[in-house]
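Below is one structure; the comments refer to it alone.
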Amino acid sequence: MCHVIVTCRSMLWTLLSIVVAFAELIAFMSADWLIGKAKSRGGSGAEPTAGGAPEPPHPTLGIYARCIRNPGLQHVPRETLCGPYAESFGEIASGFWQATAIFLAMGIFILCVVALVSVFTMCVQSIMKKSIFNVCGLLQGIAGLFLILGLILYPAGWGCQKAVDYCGHYASAYKPGDCSLGWAFYTAIGGTVLTFICAVFSAQAEIATSSDKVQEEIEEGKNLICLL
């Protein structure tokens with residue numbers, strides 16, 4: 001019979017696991033890793049805003065995607081066009097970015113699996129006498145290592161031609177040139193830190209669900225156990 005065990009620590013770990021997986025996935029798919037130098041319309045002046053202040057468009061470049069502003073025509077308004085610039089894995093701009101994509105994809109896949117499994121830990125706490133919390137914590141630690149490798153390799157690709165086109169001729173490995181780092185890069189870093197926090201917190205979730213108080217309520221025949 002399934003004993004549904006809900007504790008604050010296990011619920012917090014489950015929530016963090018889901019948030020981390022989604023954050024890393026969204027960051028990976030985003031084009032806002034590098035924010036390029038603003039380009040004004042026609043190469044001279046900037047596009048005025050409603051308040052009269054210039055607001056030139058900023059092209060952005062991701063691992064495999066990009067966002068650019070089309071030049072616009074007399075009867076066609078300007079708009080931002082976003083999408084993958086690489087139609088296949090081999091067309092990703094840099095070998096370092098290809099390695100980044102592999103490591104991040106592996107880490108995110110593991111995080112998504114753990115996030116899915118974490119939902120069921122309220123009912124199933126062990127498989128083959130192994131604690132699901134401990135196994136998931138180990139997997140999150142491994143995922144964090146993959147994410148770190150990907151984030152370390154990513155700046156090494158800033159010297160590729162694609163990055164130079166966006167960031168100027170001063171762009172090189174670990175030097176973004178005229179570009180600035182976008183929210184996706186910082187989100188990936190924050191998600192990596194939270195991944196290791198989740199890995200550590202999984203041990204606390206295991207302690208909470210296997211405490212003496214939980215075991216006493218199971219022995220009393222309770223199927224739904226909620227503890228603070």
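With a 1.4 Å probe rolled over the protein heavy atoms of all chains, the accessible area of GLU87, GLU24 falls in the order GLU87, GLU24, largest first. The mean accessible area for residues of region 97-179, using a 1.4 Å probe and ignoring ligands and nucleic acids, is 50 Å² per residue.
Subtract the Cα-Cα distance of LYS130 and ILE189 from 0.36 nm times their separation in residues, and report this length gain in nm to one decimal. Numbers along the way, then the final one.
On the way: separation 59, 0.36 × 59 = 21.24 nm, distance 3.06 nm.
So the extension gain works out to 18.2 nm.
With each label modelled as a point 7 angstrom along the Cα→C-beta vector, the ILE197-ILE152 pair spans 2.3 nm.
For ALA65, the amide hydrogen comes within under 5 Å of the amide hydrogens of TYR85, counting only partners 5 or more places away or on other chains and with H modelled in the peptide plane. Report the FRET efficiency, 1/(1 + (r/R0)^6), for ILE207 and LEU116, where r is their Cβ-Cβ distance and R0 is 25 Å, rounded to 0.05. Rounded to the nearest 0.05, the efficiency is 0.65. For ASP32, the amide hydrogen comes within under 5 Å of the amide hydrogens of ALA184, counting only partners 5 or more places away or on other chains and with H modelled in the peptide plane. Report the label-to-label distance for MET29 and LEU181 in nanometres (one decimal), using points 7 Å from each Cα along the Cα→Cβ vector. Going by the 7 Å Cα→Cβ label model, 2.4 nm.
The values are calculated or read from the model by the stated rules, or taken from the named source; none is laboratory data. Quick caveat, the model's predicted, so the values are computed rather than measured. Positions of Cβ are generated from backbone atoms using ideal geometry, with glycine treated the same way; all protein chains shown enter the neighbour counts. The area values use the complete protein model at the heavy-atom level, side chains included, leaving out ligands, DNA and RNA. Shrake-Rupley method; radii C 1.70, N 1.55, O 1.52, S 1.80 Å.
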